[in-house]
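Where a number appears in this text, it was derived from the coordinates with a stated rule and is not lab data. Given the structure is predicted, the values throughout are model-derived calculations rather than measurements. Heads up, the Cβs are rebuilt from the backbone with ideal geometry, glycines too, and the neighbour counts pull from every protein chain shown.
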Amino acid sequence: MKRVGVAELKDQLSRHLRAVEAGEEIEVTDRNRPIARIVPVRAASEVPIIPPSRPFSEIRNKVYPPANWPVDSLQLLLEDRRKR
């Protein structure tokens, strides 16, 4: 399996995707730490295509009400960032 860094993948994406299309598997790394694997998809006959139950245009502009949680989302974000 070929290992590729994120920067190289971004620079040479088309070349790497052609290799995957030809059957090669690519492991994507970030600072030598594996973070993803790109593998060829199965044959089209094996991948079920499920049609949508309704058109996207019906829900495109749907607006949801605020969650009204007892916690401020900004505080959750800052707390999460302090842990890193």
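When region 36-82 is examined, which residues are found to be over 24 Å from the mean Cα position of the chain (by Cα), within 30 Å of residue 6 (Cβ to Cβ) and loosely packed, with under 10 Cβ neighbours inside 10 Å?
The answer is 74, 82.
Restricting to region 14-33, name every residue that is exposed (fewer than 11 other Cβ atoms within 10 Å of the Cβ) and of a type outside the set (D, E, K, R).
14, 22, 23, 32
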